[in-house]
Amino acid sequence: VRTDATVEADSARLGRLFENLFRNAGEHGGRACTVTVADTPVGFAVCDDGPGIDPADRDTVFEPGFSGTADGTGLGLYVVETIASAHGWTVSVADGDAPDADDVSDVSEGLEPWSAATAPGACFEFTLFPGGSERAESTRP
């Protein structure tokens with residue numbers, strides 16, 4: 001985690017959102033997969049260093065039933081998008097195109113700036129504050 005920022009959210013649903021993203025990273029990236037959570041000017045990003053998501057699948061990964069594995073349920077990322085939407089957030093997927101270090105706020109002293117180099121795999125970017133300046137004023141559940 002590359003932040004000490006806080007997000008106002010339903011704790012159980014937010015936990016489920018992270019659980020699904022972390023499980024997805026492990027299932028596709030293996031045991032050695034590293035996941036990075038960082039804040040951005042408009043929200044936060046959850047990125048991993050796994051194999052990434054095929055660009056042809058980016059428009060469908062959040063659809064119920066989509067799975068990149070033969071034994072997947074196809075519900076994990078659908079649940080992630082549903083939880084984000086319930087909070088008034090949007091989520092988008094980028095692959096090898098994570099936010100640049102200049103675009104990510106490093107609010108904790110002693111941490112090296114987060115960069116796309118630490119997360120070349122899949123990156124899920126959550127927009128909580130479309131204007132980028134409302135972080136401290138969030139009142140969404």
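The values are calculated or read from the model by the stated rules, or taken from the named source; none is laboratory data. Everything numeric here is computed off the predicted structure, so don't read it as measured data. Ideal geometry is used to build each Cβ from the backbone, glycine not excepted, and the neighbour counts take in all protein chains shown. For accessibility, only protein heavy atoms count, side chains too; no ligands or nucleic acids. Shrake-Rupley method; radii C 1.70, N 1.55, O 1.52, S 1.80 Å.
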Original post:
Out of curiosity, is Gly43 touching an Asp or Glu at 6+ places or on another chain (Cβ under 9 Å), on the phi > 0 side of the Ramachandran plot, modelled with pLDDT under 80 and open to solvent by less than 50 Å² (accessible area, probe 1.4 Å)?
Top reply: no
Log entry, pairs with first residue in segment 117-130 being over 11 Å from Cys33 (Cα atoms) and at pLDDT 85 or above, second being part of a strand (DSSP E or B) and of a type in the set (Ser, Thr, Tyr), beta carbons closer than 6 Å, six or more apart or on different chains, reads Glu125/Ser92; Thr127/Thr90
By residue number, the members of segment 48-65 that are among the hydrophobic types (A, V, I, L, M, F, W, C) and closer than 22 Å to Ala84 by Cα are Ile53, Val61, Phe62
If we keep only residues of segment 17-34 that are in a loop (DSSP other than H, G, I, E, B) and among the small types (Gly, Ala, Ser), then the residue least open to solvent (accessible area, probe 1.4 Å) is Gly30
- Item | Residue match in segment 35-49 (condition: in a helix (DSSP H, G or I) and not hydroxyl-bearing (Ser, Thr, Tyr)) | no
When restricted to Asp54, Asp10, the only residue farther than 19 Å from Val79 by Cα and over 16 Å from the mean Cα position of the chain (by Cα) is Asp54
